[in-house]
Amino acid sequence: MYKIMTAGPTQVRENVRLARSLECTNPDLDLAFYDFYKETCDLLSKALHTKNKAFILGGEGILGLEAACASLTEPNDRVLVIDNGIFGKGFVDFVKIYGGNPVLYTDDYHKSVNIEKLKSFLKTDHDFKYATIVHCDTPSGVLNDVESISKILDEYGIMSVVDSVAGMFGEPLNISNSKIDILCGGSQKALSAPPGLTMVWVSDRAFKAMEERTTPIASFYANILVFKNYYEEKWFPYTMPISDIYGLRKALDNFLDDQDVFKRHERIASACRKAITKAGLQLYLEDGWSNTVTVIKVPNGVTDTQILNGMQQDYQIMISGCFDVLAGKVIRIGHMGENAYANKVAETLEALQKTLENLGVLVERNMKELFLSYL
Ligand SMILES: *Cc1c(COP(=O)(O)O)cnc(C)c1O
């Protein structure tokens, strides 16, 4: 068994695994399940500081992104796709699939979206139904100020779809301090439930836009509107994955019980970045580091595969490589949710150090000791 220190999925606490083994009822027929589901969704709204309704959909994080685009996009709608990372750019595909006309706004991949630059772009072009933006773009680990960006978009009446799958629960996010219309999250990142569920938080304005469409939503499974009145009607559009939801609820309880959660992420992430750079390795980003993942350039003379294989074979620790334009260029340590504990990150840095040394890379200082000293 590997210890997974990947940028998602993350480790799953025992009480979450046990919650998933509880006896199942029929989630379509048992009214108590509607209450349980609603209570869980209300807690999700509370966790993100909003009265916007939350919904849990049966499908991985990607489903939430697709459902947001499916539900809002009508043919030929102009959609602003804010791109400073791989997931950011990826929204182009979802917009296109549903007939929209994506306009790509690309910024430097090595830092957070520059708000002043975005503002001047919007002065010249702001005829968009909605915009998409990623909170933490996990392949580079860049964090964007989605609260501020959504407010700027709102000045032009542009709705915001935000992918915070790898941000929320590890980075603070307050929907009521924003103009976010559809916020997308997932079970398997900082919430540390197993993969399989996506959560969406939907504003009244977004529901209104769905209801006022002139064309039908071109999907059933990715249609958010069909969830709107599930509780009043006691009807789910498809059978809810009840065991997954029991697990998610326990993971959410764990999050809500943890008063130190954001400070812990911050402490761990900051010490991890400092240890890595002091030891002579290089971070991918120039600024805008998310506290959920650290992304390190692959040192000269070795490959990502050699590092990942070495860590797995010799130390049974799994970290992530990358894909798309960052394939082969970086390795990633996911320190979010259950992974964001000092002993786990210390052990990972020790294994990384030994693996690099076994491969002939000179690491100037002891990363584990540095990390512990910076905590
Ligand atoms: C993990 C992740 C997703 C969801 O991807 P899945 O493959 O469905 O888990 C979406 N956006 C970001 C930024 C992510 O990190």
Quiz item: In whole angstrom, how far apart do the alpha carbon centroids of the stretch 40-92 and the stretch 338-355 sit?
Solution: 32 Å
Exercise. Work out the FRET efficiency for residue 2 and residue 235 from their Cβ-Cβ distance, taking R0 = 35 Å, and round it to the nearest 0.05.
Key: 0.25
Exercise. Just the Kirkwood number for the stretch 316-375, please: inverse of mean 1/r across all distinct Cα pairs, in Å, one decimal.
Key: 12.7 Å
Self-check item: Taking all pairs of distinct alpha-carbon atoms in the stretch 1-102, Kirkwood radius in angstrom
Solution: 17.0 Å
Exercise. Using a 10 Å cut-off on Cβ atoms, rank the peptides 131-139, 264-272 from the highest mean neighbour count down.
Key: 131-139, 264-272
Exercise. Subtracting the Cα-Cα distance from 0.36 nm times the residue separation, let me have the gained length for residue 341 to residue 205 in nm, one decimal.
Key: 45.1 nm
Quiz item: Loop-only check: which chymotrypsin sites (Phe, Trp or Tyr not before Pro) in the stretch 275-347 are DSSP coil with at most 14 other Cβ within 10 angstrom?
Solution: 323, 341
Self-check item: Model label zone, residue 375; criterion: amide N under 11 Å from point 7 Å along Cα-to-beta-carbon; scope the stretch 329-345
Solution: 341-345
Quiz item: Under a plain spin-label model, where a point goes 7 Å from the Cα along Cα-to-Cβ, how far apart in nm are residue 32 and residue 174?
Solution: 3.8 nm
Practice problem: Identify the chymotrypsin sites (Phe, Trp or Tyr not before Pro) of the stretch 124-203 meeting these criteria: DSSP loop state and at most 15 other C-beta atoms within 10 Å of the C-beta. | Solution: 156
Practice problem: Compute the distance in nm between two label points, each set 7 Å from the Cα along the Cα-to-Cβ direction, one at residue 114 and one at residue 278. | Solution: 3.2 nm
Self-check item: Cα-centre dipole for the chain with unit charges at Cβ (Lys and Arg positive, Asp and Glu negative), debye to 20
Solution: 620 debye
Quiz prompt | Mean Cα-pair separation over length for the stretch 39-144, i.e. relative contact order, pairs under 8 Å, 6 or more apart, % | solution = 26 percent
Quiz item: Suppose every K and R has +1 on its Cβ and every D and E has -1 on its Cβ; what is the size of the dipole of the stretch 1-137 about the Cα centre, in Debye to the nearest 20?
Solution: 400 debye
Quiz item: Tell me, what is the percent relative contact order of the stretch 110-215, built from C-alpha pairs under 8 Å that lie six or more residues apart?
Solution: 21 percent
Practice problem: Measure of size requested: the Rg and Dmax of the stretch 49-165, with Cα atoms as the atom set and Å as the unit; please supply both. | Solution: 13.5, 40
Exercise. Please quote Rg/Rh for the chain to two decimal places, taking the Kirkwood radius as Rh and restricting both calculations to Cα atoms.
Key: 0.98
Quiz item: Once Lys and Arg get +1 and Asp and Glu get -1 on their Cβ, which of 124, 85, 164 lies farthest toward the positive end of the dipole of the stretch 82-180?
Solution: 124
Quiz prompt | Percent of Cα-Cα distances greater than 21 Å, calculated over the stretch 252-326 | solution = 41 percent
Self-check item: Cα lying deepest toward the dipole's positive end in the chain, options 215, 37, 366, charges on Cβ
Solution: 366
Quiz prompt | the chain: relative contact order as a whole-number percent, Cα under 8 Å and 6+ apart | solution = 23 percent
Self-check item: Charge dipole magnitude, Cβ of K and R +1, D and E -1 - the stretch 254-340, Cα centre, debye nearest 20
Solution: 320 debye
Practice problem: Quickly work out the residue 151-to-residue 126 label distance, labels modelled 7 Å from Cα along the C-beta direction, and quote it in nm with one decimal. | Solution: 1.5 nm
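Read-outs throughout are calculated quantities, based only on the coordinates presented, and are distinct from any laboratory measurement. Treat the numbers as computed from the prediction; the structure is a model and nothing was measured. For neighbour counting, all protein chains shown are included, and Cβ atoms are generated from backbone atoms with ideal geometry for every residue, glycine included.
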